[in-house]
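Rule-based calculations on the coordinates, nothing more; no lab input. Just so it is clear, the model here is predicted, and its values are computed rather than measured. Cβ sites come from the backbone with ideal geometry, for glycine too, and all protein chains shown count toward neighbours.
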Amino acid sequence: MQKLKKHQKIYVNRSINMASIRSLGFDMDHTLVLYNRVNFENLAFHETLKKFIANGYPEELASLKFDPNFVIRGLLVDRERGNLLKVDAHKYVKVAFHGHMKLDKAARSELYNSRGFKADDFLTVDTFFALSETQLYIEIVDYMRRNPGKIQKTFTEVYKDLREWIDLSHQDGSIKTKVLMEPSKYIVRDPHLVDTLVKLIDGGKKIFLLTNSDWAYTNSVMTYLLDNQHEEFQQWQDYFEYIIVSAGKPNFFTGTNPFYEVMTEQDGLLKLHRGPLVPKNVYHGGNAILFEKLTMQKGDQILYCGDHIYGDIMRSKELFNWRTLLVVEELYDDFKKTEKLQPELEKIMEAITVEEDLQAQVQALRSNISNQERRHKSKHRAKQDESKFLVRIAELQAELKGKEETLETQHKAIKELISTREKQFHPVWGELMRTSLEKSRFGKQIESYACLYTSRMSALRHYSCSEKLRSYRDVMPHDL
Ligand code: IMP
Ligand code: MG
């Protein structure tokens, strides 16, 4: 196989033999369809903000600006306090903001780190759609911080309003109509999408679409992306064995909704569906138990690809044993940075080795001093040796002081090196998958729930349909 670049690879947490996968399912938004995130999130931000003002929030809010670079996925939102948190895999809050005000270590400790907290009490920013939502929340919290009393609501109430109006913006067409009016502004074509789907089909896999988007939107977006791109697959539906819209994931994996057949292409009228799913027909709703039954497949024969760790990946894997491929779009840019910053990482590792060596020297000196002091105080010590011991102890203490200072300087230097490296990934939050050198909560979730992950679904085209994808994740710290 050709040597793949990092962004072309699929990463394996759990070994999968592609030969035993019968069908591959795809989520639509942010999996098959990539968005111009700045344009899309800006639109969602402003459409929702309009609803705040229309519902009595101060007109001044109209001047709030969307910042595409502030919020990243994997952060937690403390809705009660109006805070945004980056947490490591052990739920330690590493970075926290109240609106745009950074909380210092003491405040973080007081609010979070000195007491145990349940990450489930907070909301995770785990979809791209949630980025603009969280950004808007943070801007309003910051407005409330700068203008006390102007919004007579708690942070929790503001968040509740936000949820309602975000939902509405997704449903009333204020976002989607604009996207469809100017698809080239909002939708990014993956140049390898067609090749990837065709390669999977030629490799004997059935392809299905399982999206939460409704029929009208799905049809328009998929038409824009896939119609007339391949002479044998003229219409987008030609690629897919099964098409399920308005699936309501994650409830698709936990609920018992029936499938409805979408009866008309234009207005999407629905009819309760009974019997096997007919290839190429379009279905609405449904649930995973019924899907497996009607398509005569077992969970471990299905590989589902999506971008939402919770909606697409966690439940499908946990409850149905579906194999999962998580698309982590951000990795595309992160990989470039990781490569560029490799020398910095090596510098950090070297500095840590020096630090470990210094720590050992400090420890040895401390033991030596204790030993000399014990012997000095011993009743068996010869009287004439007193000054000899005192001189030796003083020498060792001076040496220890010097080493401790060097160790402290080394410690600070490492902190600085790590922080400089992190800032190159993101000036505020650092690396997506890590906090300092450890895994972030998001990184840990990806490791736990996604069998596979990659930066683009089209990375699948680099692998054969019977490839054995092997995991090397079982490397433990003591193996390195
Ligand atoms: P999928 O990723 O293809 O399953 O589809 C995601 C769908 O969920 C898109 O149609 C989004 O507009 C919609 N969506 C995303 N976030 C929200 C939300 O917060 N409220 C309502 N709909 C949402
Ligand atoms: Mg999606």
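Things worth noting here:
- Counting lysine pairs in the range 191-334 that sit 8 or more residues apart in sequence, or on different chains, and whose Cα atoms lie under 21 Å apart gives 21.
- The calculated FRET efficiency for LYS102 paired with GLU395, based on their beta-carbon distance and R0 = 51 Å, is about 0.65.
- Judged by the mean number of other Cβ atoms found within 10 Å, the most tightly packed of the peptides 333-342, 137-146, 449-458, 417-426 leads the ranking 449-458, 137-146, 417-426, 333-342.
- Over 24 Å (Cα to Cα) - which of LYS337/LYS444; LYS105/LYS150; LYS86/LYS337; LYS50/LYS94 fall in this group: LYS105/LYS150; LYS50/LYS94
- Summed residue charge, Cβ within 13 Å of GLN361's Cβ, Lys/Arg positive, Asp/Glu negative: -3
- R0 of 51 Å, Cβ-Cβ distance ARG146-TYR332: FRET efficiency to nearest 0.05: 0.90
- For the chain, share of DSSP beta bridges that run antiparallel, in % to the nearest 5: 55 percent
- Relative to the current alpha-carbon distance between ARG14 and LEU345, full extension at 0.36 nm per residue lengthens the span by 116.5 nm.
- Helix-only CD estimate at 222 nm, as mean residue ellipticity for the chain, using -39500 (n - 2.57) per DSSP H run (n ≥ 4): -13500 deg cm²/dmol
- Measuring against 28 Å, Cα to Cα, the residue pairs LYS65/LYS160; LYS153/LYS178; LYS6/LYS468 contain LYS153/LYS178 as the ones spanning a longer distance.
- Contour minus Cα-Cα distance for ASP67 and SER471 (0.36 nm per residue): 141.7 nm
- If R0 equals 51 Å, the separation of the Cβ atoms of VAL38 and ALA364 corresponds to a calculated FRET efficiency of about 0.40.
- Only Lys, Arg, Asp and Glu carry charge here, each on its Cβ (+1 for the first two, -1 for the last two); on that basis the range 26-103 has a dipole of about 300 debye about its Cα centre.
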